[in-house]
Each structure stands twice: as structure tokens, then as C-alpha cells.
Amino acid sequence: MARVLIVEDEEALGLLLRYNLEAEGYDVEVVTRGDEADIRLKESVPDLLILDWMLPGLSGIELCRRLRGRAETERLPIIMLTARGEESERIRGLSTGADDYVVKPFSTPELMARVRAMLRRARPELVSNLLKAGDLEIDRETHRVRRAGREIHLGPTEYRLLEFLMRSPGRVYSREQLLDGVWGMDVYVDERTVDVHIGRLRKAINRTRDRDPIRTVRGAGYAFDDQFATAQ
Ligand code: CA
């Protein structure tokens, strides 16, 4: 399991990232101060670091510079986060040694994709592209979906929805959580939109007698059926 350390002083954002990264199957830790992160990173080195630019204690830039100067963290994959308006500092960020740079507000799915891409490069053994449950299979690199060997064509939203649900079988997501995780945190869409796309997804993946892998949980939301993999 890949270990991700988040250094972010905005509590809500730290929580959102933790939540989404854990749903991806990563082992996640969040610290809110730069100096605290510096100490933490001397004790143990994660597989990837998400580092905010402006931090109390020690800035993200300074921390990044220190990490690049130490043998243990010289090659640690680092994604730097920064607020809009600090883009002009981008060059400085990259020259400080961050591998990637993301401007707030960003879309959560996009950041997750970057994390995955970076980990795949740095630690390919920790990241699998294939998600399987029963006769359903999705390849996260090519975005191909198959059911019982038959290729299924999904729209981009239905694909992301299926991938998101399939990552955590049994876990029930509210419509709001699905909007955050699939559409992105700064997109304002009516919650009924989720129902519409769930409907399309079901129509695409289920033939008449197929078992439906998506569970509707009344009053709560939707889940990928954790019995699906074994019930065929
Ligand atoms: Ca900050």
C-alpha cells in the first residue's frame, strides 16, 4: 500500500484529500505545519508528498529545498499545492525541486490522477491499473471497461463514477460525496444529476439478466455491492 503524507494547514482541504486518497486505497497521514512535517519526514519517508506552499512553521518551498538536500528524500515524489495568484512563483516552485505543481482550487479527480501517475512512475509495484470485481473489470490507464469479456463504452462521467464506487466496495456514498469525488469539489451541480448518471451507468453495464453491481441505499446514496465479486 502506498503511503502519502499531506502537509496542508487548511483543515477542510486536508480532510477532503485524506478522504479521497484513502478511498483510492492509500495509507494517508496529514500534518498541518511545515516544521512538524520536517520532523515527521526525518522519522519516516512516505511514497509521495503533497505539500502546501504557504504553511505555518516552515514554508513548503523551504521544506522542499531541505528534502532535496537529504539523501533519503532526494527522490521523494512531491506535488506542490498553491493558491491562485501565486502562479508567478511556479518557476521557483519547480526549481525548488517539486515534481508537479497544482493550483488551488483544483478538481479532486485531477489531483488523484496526478498522484496515481506519479506513483506509477516512482513505485510501479504499488499501483495497479486494473480494478476487478466479479465479471466486471476496468483498466484505469486505458479507461477500458469490460463485463464478462464484453467491452462496455461509458461516457467520461459514468466511467469516473464506476471507478470511484469500485475502489471501495461496500462503502456507501451520499450524492454530495459523489459530487465531490467524481465531479470535483468546486463544481456546483444538482444532486439529482448523480441519479441521472447512475441510471446511465446501470443501463450501460447491465444486460437484462445481469446482476446489478450498484446498490441504491435509500436515504443514504449509492455503493458498489461488496457481494458482487462473490455472488456470481
Ligand atoms: Ca496554506
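The values are calculated or read from the model by the stated rules, or taken from the named source; none is laboratory data. Not measured: the values here are computed from a predicted model. As a convention, Cβ positions derive from the backbone with ideal geometry for all residues, glycine included, and neighbour counts pool all protein chains shown. Heavy atoms of the whole protein, side chains included, go into the accessibility calculation; ligands, DNA and RNA do not. Shrake-Rupley method; radii C 1.70, N 1.55, O 1.52, S 1.80 Å.
List of remarks:
- Annotation: Ser107 fulfils all but one of (1) modelled with pLDDT under 95; (2) surrounded by fewer than 19 Cβ atoms within 10 Å (Cβ to Cβ); (3) under 23 Å from the mean Cα position of the chain (by Cα); (4) within 14 Å of the ligand (Cβ to nearest atom); the unmet one is (4).
- Single match in Leu17, Leu13 (criterion: within 10 Å of the ligand (Cβ to nearest atom), in contact (Cβ under 8 Å) with a residue 24 or more places away in the chain, open to solvent by less than 60 Å² (accessible area, probe 1.4 Å) and assigned to a helix (DSSP H, G or I)): Leu13
- Options Asp186, Asp190, Asp195: the member that is more than 21 Å from Arg140 (Cβ to Cβ) and at pLDDT 95 or above: Asp195
- So Tyr222, is it open to solvent by 70 Å² or more (accessible area, probe 1.4 Å) and of a type in the set (Phe, Trp, Tyr): no
- For Leu51, the conditions (1) in a helix (DSSP H, G or I); (2) within 16 Å of the ligand (Cβ to nearest atom) are fulfilled apart from (1).
- Remark: pairs (first residue in region 71-86, away from the ligand (no atom under 16 Å from the Cβ); second residue modelled with pLDDT under 95 and in a strand (DSSP E or B); Cβ separation under 9 Å; 6+ apart in sequence or on different chains) = Pro77/Asp100.
- Within region 29-88, considering residues that are small (Gly, Ala, Ser) and open to solvent by 50 Å² or more (accessible area, probe 1.4 Å), the one modelled with the lowest pLDDT: Ser88
- Residue list for region 30-68, restricted to those being more than 26 Å from Arg120 (Cβ to Cβ) and of a type in the set (Gly, Ala, Ser): Gly34, Gly57, Ser59
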